[in-house]
Structures are given as structure tokens and as C-alpha cells.
1. Check the stretch 78-93 and report whether any residue there is more than 18 Å from ALA186 (Cβ to Cβ), outside any loop (DSSP other than H, G, I, E, B) and at pLDDT 95 or above.
2. Scan the stretch 135-158 and tell me whether some residue there is part of a strand (DSSP E or B), over 17 Å from GLU99 (Cβ atoms), among the hydroxyl-bearing types (Ser, Thr, Tyr) and modelled with pLDDT of 95 or more.
3. Applying the selection to the stretch 29-46, what residues are surrounded by 13 or more Cβ atoms within 10 Å (Cβ to Cβ) and closer than 25 Å to GLY83 by Cα?
4. Among the residues of the stretch 30-77, count how many are touching a residue at least 24 places away in the same chain (Cβ under 8 Å), more than 26 Å from ILE170 (Cβ to Cβ) and not in a loop (DSSP other than H, G, I, E, B).
5. Given the structure, is ARG121 assigned to a loop (DSSP other than H, G, I, E, B) and either open to solvent by 20 Å² or more (accessible area, probe 1.4 Å) or charged (D, E, K, R) (or both)?
6. Could you say whether any residue in the stretch 103-113 is out of contact with any Pro (no Cβ under 6 Å at 6 or more places or on another chain), part of a loop (DSSP other than H, G, I, E, B), open to solvent by 70 Å² or more (accessible area, probe 1.4 Å) and at pLDDT 95 or above?
7. Going by the conditions given, is ALA186 of a type in the set (Gly, Ala, Ser), surrounded by fewer than 18 Cβ atoms within 10 Å (Cβ to Cβ), touching a residue at least 12 places away in the same chain (Cβ under 8 Å) and within 20 Å of ASP49 (Cα to Cα)?
8. Could you tell me whether the stretch 68-82 includes any residue that is small (Gly, Ala, Ser) and out of contact with any Ser or Thr (no Cβ under 9 Å at 6 or more places or on another chain)?
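The values are calculated or read from the model by the stated rules, or taken from the named source; none is laboratory data. Model, not experiment: these values are computed from the prediction. Here Cβ is always computed from backbone atoms with ideal geometry, including for glycine, and neighbour counts include all displayed protein chains. These area figures cover heavy atoms from the full protein model, side chains too; ligands, DNA and RNA do not enter into them. Shrake-Rupley method; radii C 1.70, N 1.55, O 1.52, S 1.80 Å.
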Amino acid sequence: MAKALLLVFLLAGFDLCFCTRYNPLLGQCGPSGYLHGRTENCNRDNDSDCCKGGHEYPQYHCSPPVTGETRATITINSFAEGGDGGGPSECDGNYHSDEEKVVALSTGWYNHGSRCLKHIRINANGRSVLAKVVDECDSINGCDYAHDFQPPCNNNIVDASPAVWKALGIDPNGDTGDFHITWSMA
């Protein structure tokens, strides 16, 4: 009986792996597909990545599991009107000043908006900061007008305003690029 139950569990995990590319046994989230890029007019403020024609970009429906110290990569984004983030934030329909401590989370972590307007604690560089979740860093769609012709986010992104970077002691105008952090729900 125990062997049959174990077999059912393993097959369920294997089947889930095909649907979302999340392997619960390994705690990993792999690409669920690929998006074909196209080159258009992309806002390059904050050194934004822009889609390249003919390039394939991985899409993720899942993100790594959230723990007390979830590892992530922080990227910089302007949530202000006219900034490189595109339109208003998904959670509240508003733009946010670069002086506000706000973030967008990868699709899996955003979890259909379940973390909207909640705070997360971000740790990096020996510092800690609270930031409010206001948007999704879309890990499925991109390379179109709605996404400022930027590729989909990776599955482990905390896309943060310049105020978050400053609070963590990371120069948002420096040549640091992406920075490794940990985060948790506040």
C-alpha cells in the first residue's frame, strides 16, 4: 500500500512538472515555453533589456518556493509615469514615484495578485528594507507594446524602484546590473 501511494505521489509530481515545469521533488521551476522576440521601440532608461528579433526568451508560469529567506535577483525599474515600467501598476492602477519603496514580483511569486499591496522584507548588502508589492514582473509575456518591448522576466525577480536600491545601499546608477538578494513576507 505504501509503495502504491508513493508511486501515485511521484506520478502526480511528474505530471505537474509537465504542466508548469515546476518539479516539487527538486524544488525547481524550469521554462514552460519560449517567446520569440521582435525588435521595436523600447525605453532604455535604467539600462532596460530590450527584445531582439529572432531571439527566444524563456517563459515561466512558476517561481521558486517562497521561504523565510527566498533567494532572488533584484532588478531596477521605474514605476513612475513615463518610466521604463510602462503603464500603471497592476495592484492599484497607479503610478509610483521613484522615491517610493515599491516592487514587482515574478509571475509565480505575484500569484495572481495575492501579494498585492502587501510588504516584503528585502535583505542585501548587510541591510534590510520593507517594500510594497504593486505589480507583476511578467514571466510569461513580453516583447510587445504592453511590456515596453522588454522580454519576460526570469522566474526569480524582485523588480524594485530606485528608492529600494538606495535603501539597500546599492547605487542604482552604478554598473552593478542585477544584484542577488533574499526576501520574505513582512
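1. no
2. no
3. Correct list: LEU35, GLY37, ARG38, THR39, GLU40, CYS42, ASN43, ASP45, ASN46.
4. Final tally of qualifying residues: 5.
5. no
6. No, the stretch 103-113 has no match at all.
7. no
8. Yes: the stretch 68-82 contains one or more residues that are small (Gly, Ala, Ser) and out of contact with any Ser or Thr (no Cβ under 9 Å at 6 or more places or on another chain).
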